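Let me begin by presenting the structure, written as structure tokens, before commenting on it.
The values are calculated or read from the model by the stated rules, or taken from the named source; none is laboratory data. For clarity, every value in this text was computed on a predicted model and none was experimentally measured. Note that each Cβ is placed from the backbone with ideal geometry, even for glycine, and that neighbours are counted across all protein chains shown.
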Amino acid sequence: MRKKIVAGNWKMNNDLVATNTLISELIKKEKTTNAEVMIAPAFVNLLEASKLLKYSSIIVAAQNMHFAENGAYTGEISAAMLKSIGVNTVILGHSERREYFSEDDNLLKQKIDKALDEHMKIIFCFGEKWEDRSVDNHFIVVENQIKNALFHLENENWESIVLAYEPVWAIGTGQTASPEQAQEMHAFIRNLVKKHYNSTISEEVSILYGGSVKPENAKEIFGKNDVDGGLIGGAALNADNFMAIVNAF
């Protein structure tokens, strides 16, 4: 049975004090749930987060990583560095990395291969812009992003992959894909994996929805057959809101 997952992407928010405060609040509100819970603080706070959550079920993830093992890549962070502080999960392909830092499918493919070589778990993000959806190209865009970055993988690699569909037009805009739109795309994605691999892999891979998920709409979105959780942005910065989304399951 595929995992239910709620992952909070903190982006470039929260200094060390704010990180400590938010994690302390999350620990206080943590309770048994059938969802796997993750948070992705900023790089400089990952070690502190790992220490604070050592005895918690909440998993610490990184927001990005480089494809090289080491070298002259000023400002970058390697998979080995992340693993050395207990971080074994990484978000790759987020729309903001694609948009602001020109990350393309080929670069993401290299990052994915390196993360898998290092036995890391990957949350792989993809999704269309409004101009794609407005001309009915959203399925083509999503298919190409998945194929180009992931369809070279071996069957066994998929045990380390979580997919995250994030319609770019719904990130930080207040707009949200309707539960029906989310289900339609998630079903398309699952069928795409099934056609290229097999039904076992397609039924076991978790597919998250990312795009203005809030406590008010989480239960309805998560209630769709092919939606296995969420990659949460703004709402993850508030402990009450984030845990309400977790508990929507």
May I ask you to say which residue of Leu108, Leu82, Leu92 is farther than 30 Å from Leu22 by Cα, surrounded by 12 or more Cβ atoms within 10 Å (Cβ to Cβ) and of a type in the set (A, V, I, L, M)? Leu108
Could you check the stretch 125-141 and list, in sequence order, the residues that are of a type in the set (A, V, I, L, M, F, W, C) and modelled with pLDDT under 95? Trp130, Val135
Residue hits (the stretch 29-46; buried (at least 16 other Cβ atoms within 10 Å of the Cβ), among the aliphatic types (A, V, I, L, M) and under 20 Å from Ala79 (Cβ atoms)) are Met38, Ile39, Ala40, Ala42, Leu46
Can you find a residue that is crowded, with 17+ Cβ neighbours inside 10 Å and over 19 Å from Phe124 (Cα atoms) anywhere in the stretch 192-212? no
So if I check each of Met65, Met12, Met38, which one is more than 24 Å from Asn241 (Cβ to Cβ) and among the hydrophobic types (A, V, I, L, M, F, W, C)? Met65
Count, please, the residues in the stretch 137-166 that happen to be under 23 Å from Val213 (Cα atoms) and either out of contact with any helix residue (DSSP H, G or I) (no Cβ under 7 Å at 6 or more places or on another chain) or β-branched (Val, Ile, Thr) (or both). 6
So which of Lys28, Lys4 ends up being basic (Lys, Arg) and touching a Phe, Trp or Tyr at 6+ places or on another chain (Cβ under 9 Å)? Lys4
Got a number for residues in the stretch 31-55 being within 30 Å of Gly223 (Cα to Cα) and within 20 Å of the chain's Cα centre (by Cα)? 10
Which residue out of Lys54, Lys11 is in contact (Cβ under 8 Å) with a residue 60 or more places away in the chain, basic (Lys, Arg) and in a loop (DSSP other than H, G, I, E, B)? Lys11
